[in-house]
Amino acid sequence: MKYFQQMKEKAIELKEKDEILILAIESSCDETSAAVVKNGREIMSNIIASQIETHKIYGGVVPEIASRKHVEVINEVIRCALDEANVEKERLDAIAVTYGPGLVGALLVGVSVAKGLAFGLSLPLIGVHHIEGHISANFLQYKELEPPFVCLIVSGGHTQIVNVIDYGHYQLIGQTLDDAAGEAFDKVARILGLGYPGGPAIDRIAKEGNPEAISFPRANVKDRPYDFSFSGLKTAVINYLHNMEQRGETYSKADVAASFQEAVIDVLVEKTISSAIMSDQKRVVLAGGVAANSLLRKRMKEETDKHKMQLYCPPPDLCTDNAAMIASAGYYNLLQEKVSPLSLNAIPYLSLINEGIL
């Protein structure tokens with residue numbers, strides 16, 4: 001309790017500084033990342049140790065292996081982040097860390113190390129919601145971007161449309177009721193034999209296919225116009241492939257991938273633009289791993305231009321999980337004196353709504 005009160009007081013003092021340096025840690029899934037960011041906008045370093053090659057042979061992330069890999073590399077990743085930023089630990093002002101949602105074992109590695117650093121260096125600890133980090137990735141790329149805006153967060157675990165009213169003040173507009181879009185990409189890629197991760201694989205092969213070759217469904221949820229559902233689409237693709245195989249007929253993987261991707265992107269774009277119009281917002285922001293999809297970026301740009309809206313898309317390296325986005329979110333939490341106690345724990349199913357973020 002004494003530490004927490006002292007850090008709350010320190011957060012108030014830090015708001016008067018011209019330069020705030022935050023070391024952030026991200027370990028929610030299969031990337032171990034550490035970054036140093038100045039004033040929530042300037043990336044001084046952003047080190048990412050990926051586990052893709054480790055998990056590829058299993059066709060997806062194995063939680064226990066992911067946790068062990070985080071333990072093996074996290075100290076070195078942090079050291080590299082400090083070295084690349086040319087910053088001594090004594091110059092840091094706060095430690096930010098993802099505490100949910102994600103894989104509980106993986107999250108615990110990052111949270112434990114962050115708590116140790118914060119206590120050892122007498123620095124404020126800032127627990128960051130992973131989704132808030134993805135939204136904040138855009139602040140790193142676009143220095144001029146400020147709320148309000150509508151943001152589509154689309155990744156392997158999340159598909160949500162959020163009205164970003166102000167820093168730390170959000171309104172949930174719509175979300176998936178079952179599979180996230182990225183999850184559907186991974187599952188369809190797996191059944192097509194395209195390997196892991198599925199999103200980039202489908203994006204590549206879809207360029208060789210005909211998006212109108214197969215008519216896959218676009219789900220709309222009755223009385224919930226801004227919510228998503230991708231489970232039926234995933235099942236439709238699986239049924240199509242099984243029926244073709246049972247009849248002994250050949251099919252084009254590229255056509256299936258292109259038609260599936262078209263169905264996903266159609267829904268994502270239509271509901272995001274409708275949400276922006278409903279919210280009277282003229283700025284649309286993309287975030288999350290699937291935001292790197294080339295067709296999504298192209299189609300969203302066409303539609304925002306048509307409706308005289310501005311589109312903001314972070315570069316691919318800031319779409320995937322990284323610590324710089326956590327540092328950016330942590331900075332704005334710090335300015336609002338949102339400091340975490342040392343009892344901060346990993347919460348694998350951390351809800352935006354239940355945690356009072358929305």
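If I go through region 76-95 residue by residue, how many of them are in contact (Cβ under 8 Å) with a residue 60 or more places away in the chain, in contact with a Ser or Thr (Cβ under 9 Å, 6 or more places away or on another chain) and surrounded by fewer than 19 Cβ atoms within 10 Å (Cβ to Cβ)?
Final tally of qualifying residues: 1.
With the condition kept exactly as written, say whether any residue in region 171-183 is among the charged types (D, E, K, R), under 20 Å from residue 301 (Cα atoms) and surrounded by fewer than 23 Cβ atoms within 10 Å (Cβ to Cβ).
Initial filter on region 171-183 (among the charged types (D, E, K, R)): 178-179, 183.
With under 20 Å from residue 301 (Cα atoms) added as a condition, the list becomes none.
Looking for residues that are among the charged types (D, E, K, R), under 20 Å from residue 301 (Cα atoms) and surrounded by fewer than 23 Cβ atoms within 10 Å (Cβ to Cβ), one finds none in region 171-183, hence no.
Considering only region 43-75, state which residues are in contact (Cβ under 8 Å) with a residue 24 or more places away in the chain and either among the charged types (D, E, K, R) or in contact with a His (Cβ under 6 Å, 6 or more places away or on another chain) (or both).
Answer for region 43-75, where residues must be in contact (Cβ under 8 Å) with a residue 24 or more places away in the chain and either among the charged types (D, E, K, R) or in contact with a His (Cβ under 6 Å, 6 or more places away or on another chain) (or both): 56, 61, 64, 69.
If we only count strands (runs of 3 or more DSSP E) wholly inside region 140-189, which ones have 2 or more residues that are over 28 Å from residue 237 (Cα atoms) and β-branched (Val, Ile, Thr)? Reasoning before the result, please.
Working: elements: 149-154, 159-166, 169-175.
The strands (runs of 3 or more DSSP E) meeting that bar are 159-166.
If residue 337 meets every condition in (1) farther than 25 Å from residue 263 by Cα; (2) buried (at least 16 other Cβ atoms within 10 Å of the Cβ); (3) touching a helix residue (DSSP H, G or I) at 6+ places or on another chain (Cβ under 6 Å) apart from one, which number is that one?
Unmet condition: (2).
Listed residues 281, 261; which is crowded, with 22+ Cβ neighbours inside 10 Å and outside the structural domain of residue 131 (by TED's automatic domain parsing)? Explain how you work it out, then say what you get.
Working: 281 fails: crowded, with 22+ Cβ neighbours inside 10 Å.
Among 281, 261, only 261 is crowded, with 22+ Cβ neighbours inside 10 Å and outside the structural domain of residue 131 (by TED's automatic domain parsing).
Where residues in region 97-108 are β-branched (Val, Ile, Thr) and buried (at least 24 other Cβ atoms within 10 Å of the Cβ), which of them is farthest from residue 158 (Cα to Cα)?
Residues of region 97-108 β-branched (Val, Ile, Thr): 97-98, 104.
Restricting the remaining residues to those that are buried (at least 24 other Cβ atoms within 10 Å of the Cβ) gives 97-98.
Numbers: 97: 19, 98: 15 Å.
Selected residue: 97.
For region 86-135, give me each residue that is hydroxyl-bearing (Ser, Thr, Tyr) and within 30 Å of residue 313 (Cα to Cα). Give the steps one after another, and end with the answer.
Applying the first criterion (hydroxyl-bearing (Ser, Thr, Tyr)) to region 86-135 yields 98-99, 112, 122.
Selection gives 98, 99.
Name the one entry in 285, 267 that is on the phi < 0 side of the Ramachandran plot, part of a strand (DSSP E or B) and at pLDDT 95 or above.
Details: 267 fails: part of a strand (DSSP E or B).
It is 285.
Provide a single number: the residues in region 91-110 that are assigned to a helix (DSSP H, G or I) and closer than 22 Å to residue 335 by Cβ. Show your work before the answer.
Taking region 91-110 first, the residues assigned to a helix (DSSP H, G or I) are 91, 104-110.
If we keep only those that are closer than 22 Å to residue 335 by Cβ too, we end up with 91.
Residues meeting the conditions: 1.
Among the residues of region 221-247 satisfying the criterion of being in contact (Cβ under 8 Å) with a residue 24 or more places away in the chain and in a loop (DSSP other than H, G, I, E, B), which is farthest from the chain's Cα centre (by Cα)?
Narrowing region 221-247 to residues in contact (Cβ under 8 Å) with a residue 24 or more places away in the chain: 221, 224-231, 233-234, 237-238, 240-241.
Then keep just the ones that are in a loop (DSSP other than H, G, I, E, B); that gives 225-227, 229-230.
On the way: 225: 23, 226: 20, 227: 18, 229: 19, 230: 18 Å.
Across region 221-247, the extreme among qualifying residues is 225.
So which residues in region 28-50 are crowded, with 20+ Cβ neighbours inside 10 Å and not in a strand (DSSP E or B)?
Across region 28-50, the qualifying residues are 28, 29, 30, 40.
Can you find even one residue in region 47-57 that is modelled with pLDDT under 90, over 26 Å from residue 116 (Cβ atoms) and touching a Phe, Trp or Tyr at 6+ places or on another chain (Cβ under 6 Å)?
Yes, that holds for at least one residue.
Do you know which residues across region 299-327 are outside any helix (DSSP H, G or I) and closer than 18 Å to residue 37 by Cα?
Going through region 299-327, the residues outside any helix (DSSP H, G or I) turn out to be 307-315, 320-322.
314, 315, 320, 321, 322 - these are the residues of region 299-327 that are outside any helix (DSSP H, G or I) and closer than 18 Å to residue 37 by Cα.
The values are calculated or read from the model by the stated rules, or taken from the named source; none is laboratory data. In this text the structure is predicted, and so the values were computed from the model without any measurement. FYI the Cβ positions are ideal-geometry reconstructions off the backbone, even for glycines, and counts take in every protein chain you see.
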